[in-house]
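Encoded as structure tokens, the structure appears first; notes follow it.
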Amino acid sequence: MHTVQLKPGREKSALHRHPWLFSGGIAQVDGEPEAGATVRVVAHDGRFLGWAAYSPASQIRIRFWGFDEGEAIDRAFFRRRLQRALASRSQLALAGNAARIVHAESDGLPGLVVDRYGDVVVAQFLSAGPEAWREVIVDELMDLTGAAAVFERSDADVRELEGLAPRAGLIAGKLPEEVDIEEYGIRYRVDIEAGQKTGFYLDQRANRRRIGELATGADVLNCFCYTGGFSLAALRGGARSVVSVDSSAEALAAARVNAALNEVDGERAEWVEADVFQYLRKLRDMGRQFDLIVLDPPKFAPTAQHVERAARAYKDINLWALRLLKPGGLLATFTCSGGMSADLFQKILAGSAWDAHAEAQIVERFSADVDHPVSLNFPEGDYLKGLLLRKVA
Ligand code: SAH
């Protein structure tokens, strides 16, 4: 067992049970622990702080598994953590048959994301710790969930920062022909092999439902529509028309399949393959106006360093959306950038409204759904922020 000793005064975040320590806080490491090895982390004075996964290639050198000296990091530990995460999902009375069942740091399992789609479990091993425990985790997931298969989607960019190569494929069990899920009465086909992330954006589940409620009789514009989540919710909710825009042809093809699965009226739905930044301007040139607009862009600011460029992008799309909104119309606007605080996002929107010569008010706030908990010790986990703005007539 290797020991990692921190520099004087650098133990504070660990004492508050924050799960990360950066390389700059480390005074010395005895020996050369392998990637993902469990290390004993101590303060400069030798006081025990916690057990952690060591990640030699990453700036985030340490990710804590636990802070209890008496708790061994072994198979039983992972089983308990997975059981704890599953128990919290059963308690939450989630709609449908798909959920995030492990939300990484916030579920006490840094670097591990697991989404369940019906009988299939999709896992992402995003850092050296879970990578080292991959087989144990997969075994326990199969056992505890009773899933038919565990599929891996460790092909996210963040693995690079850990010195890990991307990897994807079936790890255990057998895949069904199609992976179909149900969410508030709407069916979605999930492409777990080639879809984005693990195949679907479960974090927006409750917000999609809310948009469905607000869409009755509305002309709706859904930007960054992916496989049609908000669009189908709006169509099902009785929208008069829904224009959906995404730059991915694959996503739009999947969206059309989803529309067909739900037999929502094809005449009301228009699917557009385009860059949203350009298409918003085009809609303006065409003189189009909408009652309800959804902006759910990808992460423009993955980390704090990208915030300035991201701010310009958020400002731009929201400015154009506000211009396209009828007086009294609603704009549901999101940021899933960890580097973008709720406060800054709101300020950017104020700038958009100013430049659009629009007066707008916040009528509702959105976050990720309840199966994406945020540990109080890990505020970075609060990544999805949204506002419902009303353009004052
Ligand atoms: N709202 C969706 C998830 C959106 S994910 C849901 O509920 O499922 C973000 C989407 O933005 C992706 O589908 C991606 O293909 C698309 N995208 C990224 N950059 C884009 C751009 N510049 N123009 C249009 N679409 C873009």
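With the calculation restricted to Cα positions, what are the radius of gyration and Dmax of region 1-134 in angstrom?
Looking at region 1-134, its Cα Rg and Dmax stand at 15.8, 51 Å.
Enter the accessible area per residue of region 293-393 (Å², integer; probe 1.4 Å; all protein chains in place).
Normalised by residue count, the accessible surface of region 293-393 is 46 Å².
Tell me the net charge near ALA99. Cut-off is 11 Å between Cβ atoms, ALA99 excluded, with +1 for each Lys or Arg and -1 for each Asp or Glu.
Neighbourhood net charge equals -1.
Work out Dmax and Rg for region 201-391 from the C-alpha atoms and quote the Rg first, both in angstrom.
15.7, 49
Highest mean first, what order results for 274-281, 287-294 on Cβ atoms within 10 Å?
287-294, 274-281
Report the percentage of all Cα-Cα pairs in region 281-388 whose separation exceeds 24 Å, rounded to a whole percent.
Tail of P(r) above 24 Å: 25 percent of Cα pairs.
State the percent of C-alpha pairs, over all pairs in region 75-179, separated by a distance greater than 18 angstrom.
44 percent
Using a 1.4 Å probe on the protein heavy atoms only, what accessible surface does TRP20 show? Give it in Å² to the nearest 10.
The value for TRP20 is about 50 Å².
Per q in 0.08, 0.09 Å⁻¹, report the Debye log10 I(q)/I(0) for the chain, using one uniform scatterer on each alpha carbon and no solvent.
For the chain, the Cα-only Debye profile gives -0.46, -0.57.
Specify whether the C-alpha gyration tensor of region 2-66 places it in the rounded, prolate or oblate class, a ≥ b ≥ c being the square roots of the eigenvalues: rounded for a/c under 1.5, otherwise prolate if a/b is larger than b/c and oblate if not.
It comes out rounded by the Cα gyration axes.
Give me the 1.4 Å probe accessible area per residue for region 98-178, excluding ligands and nucleic acids, in Å².
Computed with neighbouring chains in place, this is 37 Å² per residue.
What full-extension length gain, to one decimal in nm, is calculated for ARG365 and LEU92 as 0.36 nm per residue of separation minus the Cα-Cα distance?
Here the segment from ARG365 to LEU92 would lengthen by 96.3 nm.
For ILE192, what charge total do you get from the other residues with a beta carbon under 15 Å from its beta carbon, if Lys and Arg give +1 and Asp and Glu give -1?
Here the charged neighbours net out to -3.
May I ask which of LYS197/LYS315; LYS12/LYS197; LYS282/LYS347; LYS197/LYS326; LYS12/LYS385; LYS7/LYS385 have a Cα-Cα span longer than 32 Å here?
Among LYS197/LYS315; LYS12/LYS197; LYS282/LYS347; LYS197/LYS326; LYS12/LYS385; LYS7/LYS385, the Cα-Cα distance tops 32 Å for LYS12/LYS197; LYS197/LYS326; LYS7/LYS385.
The values are calculated or read from the model by the stated rules, or taken from the named source; none is laboratory data. Small disclaimer: the values here were computed from a predicted structure and weren't measured. Note: ideal-geometry Cβ built from the backbone for every residue, glycine included; neighbour counts use all protein chains shown. All accessible areas refer to the heavy atoms of the entire protein, side chains included, with ligands and DNA or RNA removed. Shrake-Rupley method; radii C 1.70, N 1.55, O 1.52, S 1.80 Å.
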